[in-house]
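The values are calculated or read from the model by the stated rules, or taken from the named source; none is laboratory data. Fair warning: this is a prediction, and the values are worked out from it, not measured in the lab. Glycine also receives a Cβ, built like all others from the backbone with ideal geometry; neighbour counts cover every protein chain displayed. Note: areas computed on protein heavy atoms with side chains; ligands, DNA, RNA excluded. Shrake-Rupley method; radii C 1.70, N 1.55, O 1.52, S 1.80 Å.
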Amino acid sequence: MSKIDILLINPPYRTKKLHIYMPMGLGYVATMLDAAGFKIKIHDMNFMGTSPRDISRIVKEKKIAVVGITGFITQVGHIVSLVNKIKADNPSVKILVGGSLLNGVEKYIFDKSRVDVVIRGDAEELIVVLMSSLLEGREIPNVAGVAYRNKNDIIDNPGKAIVKDLDNLPMINRDLFEVEDYIGHYWNSSAKTRTLEVIWSRGCPYKCVYCINSVGNGRYRIRSVDNVIEEIGYIKEKYNITDVVFASEVLTVNRTKIIDLCNKIEPFGLSWTAVTRADLVDEDMVATMNNAGCRQMFIGVESADNEVLKKMRKKITIEKIAEVFNMIKKHNIEPKGGFIAGHPWETRDTMKAARDFCLSHNWIYWPSFSTAYPNTALYDQVKHLINDEEKYIRSITNHHQYMSYLLNLTQIPKREFMRIKKRYTAETVAAYWHRRNPSFPKFLIYLVARFMLFFYHLDTIFGIDVHSLVHKLLRNIYVLQAQKPFKFVKKLSINKKNKAA
């Protein structure tokens with residue numbers, strides 16, 4: 001292998017090799033560095049299953065000068081361990097850490113590791129000058145969002161690094177990754193899709209209490225439609241993709257752009273998925289999206305109780321959500337909805353309301369657990385319940401938001417809360433599958449679901465990662481039953497042939 005100046009690392013997640021996402025932020029950073037002439041290498045520990053010891057050995061053998069690590073807050077413990085192992089074996093190496101979802105734990109990272117630089121926000125416009133400074137031993141520039149170690153002091157420049165115009169970023173160079181390792185591994189991919197992710201926007205204009213955008217300015221920014229379409233055309237041609245995941249916290253904020261996107265993506269004959277809010281779609285838009293290939297729309301429901309939704313600052317009602325779900329189904333798009341269980345206003349009645357809502361819409365009640373992440377409004381509200389903040393931040397590492405409930409924010413005893421949650425999940429699983437397969441006895445499906453949930457909420461047994469095994473089984477079940485997009489693509493190609501004739 002030729003000399004490497006910079007090793008860029010995606011650290012491991014809790015559940016490895018099951019649904020593998022290309023780390024897009026790291027990809028953009030790598031693209032900027034590659035274009036500037038740096039010799040770089042991307043190493044995805046999540047996919048490859050490598051350890052900090054493996055990484056440290058690579059750094060030593062290749063005499064790498066700078067290591068860049070991305071990450072989410074749920075990886076913070078892995079990041080700290082990785083930094084310290086690399087530094088212990090390679091004292092002269094410089095280490096930079098970034099990732100928008102690390103906001104709020106920078107002090108913890110500096111206190112617990114020997115990291116040199118931490119970036120808050122978007123790194124793309126800063127990364128070349130920062131890496132040059134580290135490689136050449138020059139002073140770190142004092143710009144917003146950059147914190148760095150200066151001997152025994154930490155110099156922290158407040159704010160975030162923000163890319164204001166996303167069109168100014170170059171198209172991500174996916175050839176810097178092993179692309180085939182990622183295609184088709186997204187959770188909502190199915191057996192025959194070749195799926196890749198495309199960034200549509202960054203940030204969010206809403207202030208839901210549990211989200212990092214609830215504090216400060218979410219700075220919602222959207223790429224131009226032509227810029228996105230150019231990338232889609234390129235990856236369709238180069239990687240033979242058939243399906244696109246639009247990476248956006250809320251896709252349909254700008255109605256005009258969505259209609260334009262639909263008109264321009266339809267000729268590609270691709271299927272695609274969207275994440276948005278129920279109050280940001282209308283019937284004409286949904287019909288247009290379906291005609292353009294949208295096969296699935298994910299709506300954040302969070303709760304079926306209007307008072308709870310108000311306290312979450314969702315600015316929407318459950319009646320509106322139900323109306324939009326019916327509208328989505330009417331236009332042959334698969335509706336998906338996410339719930340959060342265990343928020344501070346959760347009661348036995350609100351959990352039952354969520355269960356009943358799912359039963360009436362033929363959904364599975366499989367909520368994520370309410371987690372108070374640092375630098376959110378929810379964290380500020382419940383901070384008094386956290387006895388040891390450092391221990392709590394450490395506990396977030398390896399936290400799987402569908403698996404474990406870190407901190408009971410409710411007035412319901414935790415053991416009872418977990419019993420209710422598992423029972424309601426099993427009941428909705430039984431109703432869902434019985435409706436699809438009436439010959440299967442509902443009580444038997446319920447028992448199987450309870451059995452699987454028992455293992456799903458465990459960690460390891462005799463050293464075996466049972467959670468990941470159950471997760472993989474559920475993933476395979478989803479893949480086998482998710483055939484709708486191919487029917488759509490087939491129908492679309494038939495329509496085109498008829499038009500041509």
Subset tally (residues that are surrounded by 19 or more Cβ atoms within 10 Å (Cβ to Cβ) and at positive phi) for segment 293-315: 2
Residue among V118, V143, V163 that is under 30 Å from C211 (Cα atoms), part of a loop (DSSP other than H, G, I, E, B), open to solvent by less than 30 Å² (accessible area, probe 1.4 Å) and without any contact (Cβ under 8 Å) to a residue 60 or more places away in the chain: V163
Residue within segment 127-136 that is loosely packed, with under 14 Cβ neighbours inside 10 Å and at pLDDT below 90 present: no
Selection count, segment 70-93, where residues are surrounded by fewer than 24 Cβ atoms within 10 Å (Cβ to Cβ) and more than 30 Å from C211 (Cα to Cα): 8
Yes/no for G121 being touching a strand residue (DSSP E or B) at 6+ places or on another chain (Cβ under 7 Å), more than 25 Å from N152 (Cβ to Cβ) and modelled with pLDDT under 95: yes
Criterion violated by L378 - all others in (1) surrounded by fewer than 20 Cβ atoms within 10 Å (Cβ to Cβ); (2) touching a residue at least 40 places away in the same chain (Cβ under 8 Å) satisfied: (1)
Residue within segment 401-415 that is within 23 Å of the chain's Cα centre (by Cα) and of a type in the set (G, A, S) present: yes
Subset of segment 203-220 [part of a loop (DSSP other than H, G, I, E, B) and either free of Cβ contacts under 8 Å to residues at least 40 places away in the same chain or β-branched (V, I, T) (or both)]: V209, V215, N217, G218, Y220
Unmet criterion (only one of (1) surrounded by fewer than 16 Cβ atoms within 10 Å (Cβ to Cβ); (2) at pLDDT below 95) for T256: (2)
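A quick yes/no check of all residues on (1) crowded, with 23+ Cβ neighbours inside 10 Å; (2) charged (D, E, K, R); (3) closer than 27 Å to E427 by Cβ:
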position: D284; (1), (2), (3): no, yes, no
position: N291; (1), (2), (3): no, no, no
position: T317; (1), (2), (3): no, no, yes
position: I321; (1), (2), (3): yes, no, yes
position: K329; (1), (2), (3): no, yes, yes
position: T347; (1), (2), (3): no, no, yes
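Yes/no matrix, rows are residues, columns are (1) under 19 Å from F339 (Cα atoms); (2) surrounded by 18 or more Cβ atoms within 10 Å (Cβ to Cβ); (3) modelled with pLDDT under 90:
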residue: I386; (1), (2), (3): no, no, no
residue: T410; (1), (2), (3): yes, yes, no
residue: M418; (1), (2), (3): yes, yes, no
residue: T425; (1), (2), (3): yes, yes, no
residue: T428; (1), (2), (3): yes, yes, no
residue: H434; (1), (2), (3): no, no, no
residue: F440; (1), (2), (3): no, no, yes
residue: H457; (1), (2), (3): yes, yes, yes
residue: G463; (1), (2), (3): no, no, yes
Residue in segment 33-52 that is nearest to I4 (Cα to Cα), counting only those that are in contact (Cβ under 8 Å) with a residue 60 or more places away in the chain and crowded, with 17+ Cβ neighbours inside 10 Å: I40
Residue in segment 319-340 that is in contact (Cβ under 8 Å) with a residue 24 or more places away in the chain, within 29 Å of Y108 (Cα to Cα) and not in a helix (DSSP H, G or I) present: yes
Identity of the residue in segment 53-69, over 26 Å from the mean Cα position of the chain (by Cα) and not in a helix (DSSP H, G or I), that ends up surrounded by the most Cβ atoms within 10 Å (Cβ to Cβ): V66
Flag for A354 being of a type in the set (G, A, S), part of a helix (DSSP H, G or I) and open to solvent by 10 Å² or more (accessible area, probe 1.4 Å): no
Only listed residue being polar (S, T, N, Q) and free of Cβ contacts under 8 Å to residues at least 40 places away in the same chain, chosen from N227, N240, N263: N263
Candidates R114, R138 - the one that is out of contact with any strand residue (DSSP E or B) (no Cβ under 6 Å at 6 or more places or on another chain), closer than 16 Å to I6 by Cβ and basic (K, R): R138
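Specify which of the listed residues (F455, F443) is more than 25 Å from the chain's Cα centre (by Cα) and assigned to a helix (DSSP H, G or I).
Numbers: F455 fails: more than 25 Å from the chain's Cα centre (by Cα).
From the options F455, F443, the qualifying one is F443.
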Selection count where residues are at pLDDT 90 or above and crowded, with 21+ Cβ neighbours inside 10 Å, scope segment 184-196: 2
Among (1) assigned to a helix (DSSP H, G or I); (2) surrounded by 15 or more Cβ atoms within 10 Å (Cβ to Cβ), the one test that Q401 misses: (1)
Scope segment 85-115; condition over 26 Å from the mean Cα position of the chain (by Cα) and assigned to a helix (DSSP H, G or I); matching residues: K85, I86, K87, A88, D89, D111
Residues of segment 305-318 that turn out to be assigned to a loop (DSSP other than H, G, I, E, B) and touching a residue at least 60 places away in the same chain (Cβ under 8 Å), as a count: 4
